Amino acid sequence: MTNLTERQKLILALVIRDYIETAQPVGSQRIVDYYGLDMSSATIRNDMVALTEMGFLRQPHTSAGRVPTEEGYRYFVRQLMGNTELPTTTKRTIVHQFYQVGPDLDRWMRLAASVLAHQAQAASLVTAPRSEQPRFKHLELIATRGRQVLMVLVMGGGEVSQQMLSLAEPVSQEQLSEAAQQLNQVCLGLEPEAISTLRAQAIGPLEQDILKLIGDEMHRSNTGLTGELYRDGLTNVLAEPEFGEADVARRALRILEERPLLDDLLTRTVLSSEMSGVQVLIGGEGTWEELRDCSMILARYGVPGLVTGTLGVLGPMRMAYGRTISTVRFVSGLLSDLVEDMLLE
């Protein structure tokens, strides 16, 4: 990490804060006048030249002021910004909103996406929580017509799977209910491998057939990397001057529109990190071309080892990092508490 003098750190922080606010190149006289520094514009200009040579600032045009580079933003986030917290009143408002919607997972996800987009004035993403290793919770078997049966399978994280089954022969609703009751007793809390083992035990042929279908469905649900995706605030991104050109905006939003891209990004960043950390990606970090004009703030939520999801925001590199990071951290913690309470019910 490059060593900066205390004055250079101050000037870099002020340039970045001013550029985030105005989206205009920042000159030395602007720093003196707006922030009331007790130093000459020439002194500040010399330090801005030095910061440019070190790669933290750049000059768009010869006569223009300076704007931050990717490295400048990274240094700001890691070294200069410090810990920030949302105002207490904002936290209370967010908590109240969540408890107003009641214990409804889908509404939690939609509200989380809305809160993130509003607070960060950026595009948000939230993936529904998924069992890290699916566990059986409850089964319903509903007769429809002939040999057709609707299987409703609920897993430990609240994930629900509905599937139409074709049995070898017609079975009454009474028989189906008895089979479901027996399987609910013996399968509660089991993982797919343990359910496969049950098939070898002395269970009737109907139960064995259903067990195979349950195991197949649980294995299938475990192949996806992330759960259902909720998004909000795309218009916030499109309103930023950085995305005035259609190609730039289209490239930035691909990460939210194309699921394989997002799964790759989440797998290589936040899904491989510790639960408590917030990940800050600036300019694609040399890996994701789609993010070269953007920053993403990401975090996991849920109960480690049982049920987890991902949330975050996408916006221009010129984003309010302090407020955005604190918002992502707070909503992540709140969702973790809500999911844990849901699992304990």
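Some points to look at:
- Failed criterion for Arg329 (all others in (1) surrounded by fewer than 16 Cβ atoms within 10 Å (Cβ to Cβ); (2) within 15 Å of the chain's Cα centre (by Cα) hold): (1)
- Of everything listed in (1) crowded, with 17+ Cβ neighbours inside 10 Å; (2) within 21 Å of Gly305 (Cα to Cα); (3) of a type in the set (Asp, Glu), the single unmet condition for Glu193 is (1).
- Single unsatisfied condition, Leu37 versus (1) assigned to a loop (DSSP other than H, G, I, E, B); (2) touching a Leu at 6+ places or on another chain (Cβ under 6 Å): (2)
- Residue that is farthest from Arg323 (Cα to Cα) [pool: residues in segment 67-104 that are free of Cβ contacts under 8 Å to residues at least 24 places away in the same chain and hydroxyl-bearing (Ser, Thr, Tyr)]: Tyr99
- Selection within segment 143-164 - farther than 27 Å from Asp341 by Cα and surrounded by 15 or more Cβ atoms within 10 Å (Cβ to Cβ): Ala143, Val149
- Condition check for Gly72: in contact with a helix residue (DSSP H, G or I) (Cβ under 8 Å, 6 or more places away or on another chain), of a type outside the set (S, T, N, Q) and either crowded, with 16+ Cβ neighbours inside 10 Å or assigned to a helix (DSSP H, G or I) (or both): yes
- Qualifying residue in segment 313-320 (condition: closer than 30 Å to Leu190 by Cβ and touching a strand residue (DSSP E or B) at 6+ places or on another chain (Cβ under 9 Å)): no
- Listed by position, the helices (runs of 4 or more DSSP H) inside segment 150-221 whose residues that are touching a Pro at 6+ places or on another chain (Cβ under 6 Å) and either at negative phi or modelled with pLDDT under 85 (or both) number at least 3 are 205-221.
Every residue, every condition in (1) under 12 Å from Pro68 (Cα atoms); (2) basic (Lys, Arg), yes or no:
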{"site": "Ile16", "(1), (2)": "yes, no"}
{"site": "Ile20", "(1), (2)": "yes, no"}
{"site": "Gln24", "(1), (2)": "yes, no"}
{"site": "Arg30", "(1), (2)": "no, yes"}
{"site": "Asp33", "(1), (2)": "no, no"}
{"site": "Met39", "(1), (2)": "no, no"}
{"site": "Thr43", "(1), (2)": "no, no"}
{"site": "Asp47", "(1), (2)": "no, no"}
{"site": "Leu51", "(1), (2)": "yes, no"}
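- Among the residues of this structure, Leu125 counts as one that is assigned by TED's automatic domain parsing to the domain that holds Asp263, part of a strand (DSSP E or B) and touching an Asp or Glu at 6+ places or on another chain (Cβ under 9 Å).
- Residue selection: Tyr19 fails the criterion of being of a type in the set (Phe, Trp, Tyr) and more than 30 Å from the chain's Cα centre (by Cα).
- Some residue of segment 97-106 being surrounded by 19 or more Cβ atoms within 10 Å (Cβ to Cβ), within 16 Å of Leu343 (Cα to Cα) and modelled with pLDDT under 85: no
- Sole exception among (1) under 35 Å from the mean Cα position of the chain (by Cα); (2) loosely packed, with under 13 Cβ neighbours inside 10 Å; (3) not polar (S, T, N, Q) for Asp33, by number: (1)
- Residues in segment 295-316 that are at pLDDT 90 or above, crowded, with 20+ Cβ neighbours inside 10 Å and more than 12 Å from the chain's Cα centre (by Cα): Ser295, Gly315.
- Residue match in segment 16-24 (condition: touching a residue at least 60 places away in the same chain (Cβ under 8 Å), surrounded by fewer than 14 Cβ atoms within 10 Å (Cβ to Cβ), assigned to a loop (DSSP other than H, G, I, E, B) and in contact with a strand residue (DSSP E or B) (Cβ under 9 Å, 6 or more places away or on another chain)): yes
The values are calculated or read from the model by the stated rules, or taken from the named source; none is laboratory data. Computed from a predicted model, the values in this text were never measured in an experiment. No Cβ is skipped: glycine too gets one built from the backbone with ideal geometry, and neighbour counts run over all protein chains shown.
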